[in-house]
Every structure is written in C-alpha cells, then in structure tokens.
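Please read the structure below before turning to the comments.
Every number in this text was worked out from the coordinates using simple rules, so none of it is lab data. As the structure is a prediction and not an experimental result, all values here were calculated from the model. We place every Cβ from the backbone using ideal geometry, glycine too, and count neighbours over all the protein chains shown.
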C-alpha cells in the first residue's frame, strides 16, 4: 500500500509539472548565491523605469534586465533592515529602515534623515511605512507617531499632541486632504486638519 501511495504521489507531481509547462509558467529563484544581500526579503517595489528595488534585512538590491546589483555597498546607501520603499512623483526613492531612519536617493545623491539630524522632526528612527499623498507630501509612519515632510519642512503627529497612538503601521489617503491611519491605539481619520477616532461601530 505504501508503495502504491508513493507511485500515486509521483504521478500527480508529474502531471502538475506537465500542466505548469503547458501553461508556460516558469519560476526562477534568486538567493544570496545570485547576489542578494540577504535571503530574507522585507519589501519589493517596481520603479517607473521597470527596475525592481528589493529591500532585505541587510540592505538593498536592484534587479533590472536580468541583472542583480547590490546597492548597499555604495557609499551613503543603507546597509541595514529595509522596511519600506517609495518612489515619489518627483522620482526620488525613499527607503525606510528598522533602526536607521530614512534614506532618500535623488539625482544620484543619497541623503540620510534621522531623529537626531532632523532635531526630532523625524519622530523615530524606526520606520514602518512611507507614502506620498496627492499634494506630494511624504507621510512617514513610525513607532513614535507620524512625521510629515513637505518642501523641506517637517511636522509631527503623535500621542504627545493628543492624536493617534505611537505605532503607526498603515497610512491610506482616501482623497485629497483625507487620510486613514492604523496605529496601536486603533484607526484614525484625518480630514482638513481634524482628527477623529473610528470605533468598531463604524465598521458594522
């Protein structure tokens, strides 16, 4: 019986393999042996030119036209845990990290923003998410609230000023000037400079 079961499993796998081949599905696996900084992938973003930017726990790779390139060996580029990647409407690439703040790559130049070198305007060096709103503002969710960056100016929203919780992991723009934020204190709506907490009853 065991032998019969084994033969049956082999037959099924063979048929599945034929099915994939007939459908033209081809899977390729890329690991550190192929140039990845780490086999632990945290985020992937495709930029407007078709390049794949791959965030890992050890830095960044880019994949373009069949070639894997390590970015984290370039001076000024992050070589640590990447949490989020954003391409802005102006073509700047923003990289959030777990402990090292934010890195921006624009016009072949790397800029590193931290809590320390922004005088606490980047509210924490632990970044969860980065989005760009329709007015080109960069919104950054961290473990200490939100930082908002627009035209070289920073603004903070967090528990200290009576808004949100501190761990903001999700930011969604509903319409111009209207946002939803998910935090450790629940879900909040921000609309025309007004904050409202959304209770469970709003989702029923």
| field | Length released on extending from residue 40 to residue 67, taking residue separation times 0.36 nm less the Cα-Cα span | value | 7.8 nm
| remark: Rounded to 0.05, the calculated FRET efficiency for the beta carbons of residue 32 and residue 89 at R₀ = 30 Å is 0.35
| Normalised by the number of residues in the range 32-199, what is the relative contact order in percent for Cα pairs under 8 Å and 6+ residues apart? | 11
| Does a label point 7 Å from the Cα of residue 198, set along Cα-to-beta-carbon, have any residues of the range 108-131 with amide nitrogen under 20 Å, and which are they? | 128-131
| field | residue 135 versus residue 74: modelled label distance in nm, points set 7 Å from Cα along the beta carbon direction | value | 3.2
| Cα centroid separation, the range 87-131 to the range 168-196 (Å) | 21
| said: Normalised by the empirical 2.2 N^0.38 Å for globular proteins, what value does the Cα Rg of the range 32-199 take? | reply: 1.05
| Contour minus Cα-Cα distance for residue 180 and residue 119 (0.36 nm per residue) | 19.3 nm
